[in-house]
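Notes to accompany the following structure.
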Amino acid sequence: MNRLGTLALFAALALLVAACEPFGDEDKENLKKDCGAAPTQMTSHPNLPGKFPDAKGIVYTSVKQDGPATVASGYLNLTIGPAHQAYSKAVKSASGYTVTKEEQDAADSEVNFEGNGKSGQVKMVQTCKGRTSVTITIRPA
Amino acid sequence: MQRLVPLLLALALLPACGGSKHAAGKPLLVVVNAPFSRTPYLGRTIENGVRLAVAEVNAGGGVRVAGQTYPLEVRALDSALSPAHAVVNVRRAVADGAVAIVDEGTGVNASWRFAAKRGVPIGIVFEGGSSLVDPKTRPNVFRIAPTDHGVAFRLAEYLIPQRLKVGILHDDSDYGSNGAAELTRAFADNRSSVAIDETVPADALDLGPQVLRARRAHATALLVWGRPATIASAITAARSAGWDVPVYTPPTGADPFVRQQLADHPSWVDGLTFASGRLTAEIGTGPYQNFAQRYQAAYGLDRVGVRTPSGEPVFQPPETAMYAYDFVNLLAAALVKAGSTDPAEVTRALEQVTVEGANGDERAFNEHNHEGVVDDDVYFARFEGMTYAPVRNDALSRTLPTLPQTG
């Protein structure tokens, strides 16, 4: 196959693979979807490692240990933009913590952090019209 | 494709509106310091990533700094995986007036001081050792590559919940030692998950005794952290002894050398699982595929030299090239932001610019953080038939697509 043929093959493959985008049309559709029943709230408020802060309005649904990492799950009754701002502000105002990198797209966002001997990420995905799921991973820095 | 059309138009139009209005300055030197003679694939892919970014910057008229436009030029120097060679190369780059150094990472613990004297930024694109990057004490060192910390902790987070008894083998290279230090920390609170922890010689052809000790320690998985040759030797030792233990590795497990060494026994590669930085971003695979096409159109496919069971030739996706490419684009943005070609000014500006990376993700550094790849972007992929696919039993990995590797 000559170089032009190879390039054409790649273009075709690119279109094929792009059709499987994990955060493509389906996720944008979620932004318009009505929210169903909310996941069950934990019976007690968890104390996260390193005194990791809560964003205003966070509802925790589970906390588990994956080896050295603590993974807390929950949700905010907000769209992705305000949810991202809520966690960015909470981490920046928490004693000892800094935001190392943050990024917000149409339906998802990340706030990466470090402080108090811990590091990790708050991952947010807007799952329906007015709710954003939150997954916080905290590991030793 | 929608993204490709405006990009090609922009590239075509930029030269017409750029160079003629501004005086052309002397080319700005970007040095690539990589182990071309010892790990040829790694050296070549870093150099190609740099050259592709430089070609695109120059096709756009060069970098416009304070009323002048400057083309970028590339010079490649072989570190031969030797810290001493790497230091000599960095000293030479600084003496020759390099505006930046794109570095595989070997020897940076010593070489950064020589670059720092003139404020020359070093962009590490492979080695992940924690001590290499520190914005406070090494302000001129940046990295776009998965960190050993991220890879080690993600491996621990993946393996411990599976209740595996892990036999850790790490070689005595810088790469192996740095990884071992992070693995010790990652498994510190779960030592019962570690069956044995052994150091092996980096150049050993036969790791039979060490692998046998791991088997006798009742390991139910091997975690091999080392150069590609170490990984190939460990797999050979296990499989030739009839031990079908699952094998996990850092990014070096995906190096073509591993498959080339095991080409006579392709089934031995099946099941090999490695951790690495995700190649595609949340917005989808389009931007990465666009980059891969341009890379492969310029330099051809990085052929691994093996075939799938159905006979298709296998090529390597340009992962490390992508990191090198992104660093050069950040450098170009920093030159513009600094309004100066003084490397020290450029180093400071690197903390203030953001570019869209080759995979569509933002690439940026700041005063607190000189790392371009976050720990939570480390995913796992498993080999089957000489190509790999993201695993399905990890939250991040299962959202990622399998990228083309044959043709």
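Quick note: the coordinates plus some simple rules give every number you see, no bench work behind them. Bear in mind the structure is a predicted one, so any value in this text is a computation, not a measurement. With ideal geometry, Cβ positions are generated from the backbone for all residues, glycine too; neighbour counts draw on all protein chains shown.
Rounded to the nearest 10 degrees, the inclination of helix B:286-299 to the longest alpha-carbon principal axis of chain B is 80 degrees. When the alpha carbon gyration tensor of region A:31-140 is reduced to an equivalent ellipsoid, the three semi-axes, largest first, read 22, 16, 11 Å. Which residue, B:D103, B:D342, B:D189, has the most motion in a Gaussian network model of chain B that connects Cα atoms within less than 10 Å? Greatest mean-square fluctuation among the candidates belongs to B:D189. Comparing B:L164, B:L42, B:L330 in a Gaussian network model of chain B (Cα springs below 10 Å), the most mobile by mean-square fluctuation is B:L164.
Put in order of Cβ neighbour count within 10 Å, fewest first, the listed residues B:M386, A:M124 become B:M386, A:M124.
Here chain B carries DSSP beta bridges of which approximately 40% are antiparallel, counting only pairs with both residues inside.
What does the charge count around B:T199 come to, taking other residues whose C-beta lies under 11 Å from its C-beta (Lys +1, Arg +1, Asp -1, Glu -1)? Local net charge: -4. Exposure proxy for B:I122, A:I58, B:I235: other Cβ atoms within 10 Å of each Cβ, ordered fewest to most, give A:I58, B:I235, B:I122.
Label point of B:E367 set 7 angstrom out along Cα-Cβ; within region A:101-137, no amide nitrogen lies under 12 Å from it. Against chain B, whose longest principal axis is taken from its Cα atoms, helix B:174-186 shows a tilt of about 70°. In this simple spin-label model, placing a label point 7 Å from the Cα along the Cα-to-Cβ direction at both A:S44 and B:D244 gives a separation of 4.6 nm. Applying 0.36 nm per residue to the separation of A:C35 and A:T98 and subtracting their alpha-carbon distance, the gain on full extension is 19.4 nm. With the cut-off at 1.5 for a/c, could you classify the protein assembly as shown from its C-alpha gyration tensor as rounded, prolate or oblate? In terms of gyration-tensor shape, rounded. Taking +1 at the Cβ of each Lys and Arg and -1 at the Cβ of each Asp and Glu, which of A:A72, A:A94, A:T40 sits farthest along the dipole of region A:31-140 towards its positive end, judged by Cα position relative to the Cα centre? Highest projection toward the positive end goes to A:T40. Label points 7 Å out from Cα along the Cβ direction at B:R38 and B:D134: separation in nm? Going from the B:R38 label point to the B:D134 one covers 2.4 nm. For B:E362, nonlocal amide neighbours, meaning residues 5 or more places apart or on other chains whose placed amide H falls under 5 Å from its own, are B:G357. Over the residues of chain B, the helix contribution to mean residue ellipticity at 222 nm works out to -11500 deg cm²/dmol, using -39500 (n - 2.57) for each DSSP H run of at least 4. Projecting label points 7 angstrom from Cα along Cα→Cβ for B:S82 and A:T79 puts them 6.1 nm apart. Remark on B:F315: its backbone amide H falls under 5 Å from those of B:V304, B:T406, B:G407, a criterion applied only to residues 5 or more positions apart or on other chains, H modelled at 1.01 Å from N.
Exposure proxy for A:Y87, B:Y158, B:Y299: other Cβ atoms within 10 Å of each Cβ, ordered fewest to most, give B:Y299, B:Y158, A:Y87.
Across region B:346-363, computed HN-Hα scalar couplings (Karplus, 6.51 cos²θ - 1.76 cosθ + 1.60, θ = phi - 60°) run 5, 4, 5, 5, 4, 7, 10, 10, 10, 10, 7, x, 4, 9, x, 6, 6, 10 Hz from first to last residue, x flagging Gly and Pro.
Kirkwood hydrodynamic radius, computed over distinct alpha-carbon pairs, for chain B: how many Å, to one decimal? Don't skip to the end; give the middle numbers.
On the way: mean 1/r = 0.0460 Å⁻¹.
Result for chain B, one decimal place: 21.8 Å.
Over what distance in Å are the Cα centres of region B:282-324 and region B:220-238 separated? Answer, in whole Å: 25. Mean-square fluctuation check for chain B, GNM, Cα pairs under 10 Å: which of B:T249, B:T184, B:T147 is largest? Looking only at B:T249, B:T184, B:T147, the biggest GNM fluctuation is shown by B:T184.
Rounded to the nearest Hz, the phi-derived 3J(HN,Hα) couplings of region A:38-49 under the Karplus curve 6.51 cos²θ - 1.76 cosθ + 1.60 (θ = phi - 60°) are 6, x, 5, 6, 5, 6, 10, 6, x, 9, 7, x, where x marks glycine and proline. Using only the Cα atoms of region B:307-407, build the gyration tensor, take square roots of its eigenvalues as a ≥ b ≥ c, and label the shape rounded, prolate or oblate: rounded if a/c is under 1.5, else prolate if a/b is larger than b/c, else oblate. Prolate, because a/c is 1.5 or more and a/b exceeds b/c. Once backbone amide H atoms are built at 1.01 Å from N, B:D103 has B:N33, B:G123, B:I124, B:V125 as its partners under 5 Å, excluding neighbours fewer than 5 places away on the same chain.
Which length gain, in nm to one decimal place, applies between B:S340 and B:L212 when the Cα-Cα distance is subtracted from 0.36 nm times their residue separation?
Full-extension gain reported as 40.2 nm.
The long axis of helix B:228-240 is offset from the longest Cα principal axis of chain B by roughly 20 degrees.
Hey, what's the per residue convex hull volume over the C-alpha atoms of region B:179-307, in cubic angstrom?
Working: hull volume 17.9 nm³, N = 129.
It is 139 Å³ per residue.
Among beta bridges identified by DSSP and lying wholly in the protein assembly as shown, the antiparallel ones come to about 65 percent.
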